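Shown next, in structure tokens, is the structure this report addresses.
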Amino acid sequence: MNNPVFSQKERNIIILLIVLTLGGILLYATRGIFGAFLGTLVMYTLFRTLNIFFIEKWRWPKPLSAVVIIILSIFIIVLPFVGIGSMLVRKAIELQENPVWIKQIIDAINKFAGDTLGKPDLLKEQLQSSAAYFGTLLTAVLGGAANVFIEVTVMYFILYFLFINYQGFESGILYYLPFDEEQAVVFGSELKNITYSNIVGQTIIAIVQGGCLAIGFWIFGVNDALFWGVICAILSFIPLLGPPLIFVPATLILLSQGQTWQGIGLLIWGFGLVINIDNVLRFIINKKIGNIHPLITVIGVIIGLPLFGLIGLVYGPLLLAYFLIAVKIYKANKRLSLKREQLEKRKE
């Protein structure tokens, strides 16, 4: 019998190279729907407990449980995003059709800044310095919105099969993860806490802050209070920095129109109440659910918006948090390996 060309070790290396090459090709081919895979992970983490409850406690058939959860998630998560997107598009069209209104506001703010601060072109300078960045960002957000239907469809398709085969899926994850069982449990627990903190916790903060600012706008006579409350809720995903992007310009508009007390009142309302809602609720959520540092959220949003569009407000911080969890588990795994090596050397 002829000797084989390759040894067993060489065969294994060649097979590994083939697997890595094909895996790289597949990753490249699916790069456009990466958000769907990340969304699947997030949705599975959020609704895993409910799926197990339906199947094991209420004895529902697995397909029924999966379909009910998917329908429920569409009403809770997808439809509100669609509604917000439609509102933003309508408002953008309205502003585009009425550019005179925008110019009047800019001129009024510049006049106020010139009379008060001695900088008549303050707003013009700020707009010019940020126009390039926000133009690129807007293009990315709209591009992400155009791709969202495909991503949502793929996400729910994968999610359905994960829900009906959750035991096999989780067993496979435990088997292939490069951690021991104890570290895998820690990884899963932290993944769940971070996801709940960022999705559930941040959504609560956004709704409360947006509602509070909408009430403030209504009290102090700012037009379209509900719309700007929704915008504030979206920007609330950026800790501390988001809401002031709404109420500070609104304050300048009121002051430029001669409504001094309303402007001062709105500024106090914003910094005294709206901002502190973030601090108080975030502290409570960090104690009850999980802790995401505000810096991670801000950096995650900067990364996520160009990559995923509007949903990047959620996906960006989550992706960064997941990366940091993986690094943390890697360090723990490395320490454990070193301890085992030291014990083996002592035995020898």
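The values are calculated or read from the model by the stated rules, or taken from the named source; none is laboratory data. Treat the numbers as computed from the prediction; the structure is a model and nothing was measured. A quick note on method: Cβ atoms are made from the backbone with ideal geometry, for glycine too, and the neighbour counts reach across all protein chains shown.
Condition check ((1) modelled with pLDDT of 85 or more; (2) within 12 Å of residue 267 (Cα to Cα); (3) over 26 Å from the mean Cα position of the chain (by Cα)) across all residues:
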site: 216; (1), (2), (3): yes, yes, yes
site: 220; (1), (2), (3): yes, yes, yes
site: 237; (1), (2), (3): no, no, no
site: 252; (1), (2), (3): no, yes, yes
Review point. Among (1) more than 24 Å from the chain's Cα centre (by Cα); (2) within 29 Å of residue 193 (Cβ to Cβ); (3) of a type in the set (D, E, K, R), where does residue 10 come up short?
Key: (2)
Point to revise | Residue tally, condition in contact with a helix residue (DSSP H, G or I) (Cβ under 6 Å, 6 or more places away or on another chain) and within 17 Å of residue 199 (Cβ to Cβ), over region 314-348 | key: 7
Revision key, fill the gap. Out of (1) part of a helix (DSSP H, G or I); (2) surrounded by fewer than 17 Cβ atoms within 10 Å (Cβ to Cβ), the one residue 199 does not meet is (2)
Practice item. Just one of (1) on the phi > 0 side of the Ramachandran plot; (2) touching a Lys or Arg at 6+ places or on another chain (Cβ under 7 Å) trips up residue 224, so point out which. Key: (2)
Revision key, fill the gap. Note on region 226-241: residues under 19 Å from residue 252 (Cβ atoms), crowded, with 18+ Cβ neighbours inside 10 Å and not β-branched (Val, Ile, Thr) are 228, 229, 232, 235
Study note, to complete from the structure: From the option list 239, 306, 317, single residue qualifying as in contact (Cβ under 8 Å) with a residue 40 or more places away in the chain and either in the same structural domain as residue 43 (by TED's automatic domain parsing) or assigned to a loop (DSSP other than H, G, I, E, B) (or both) is 239
Revision key, fill the gap. Note on region 202-220: residues among the hydrophobic types (A, V, I, L, M, F, W, C), assigned to a helix (DSSP H, G or I) and surrounded by 17 or more Cβ atoms within 10 Å (Cβ to Cβ) are 205, 206, 208, 212, 213, 214, 217
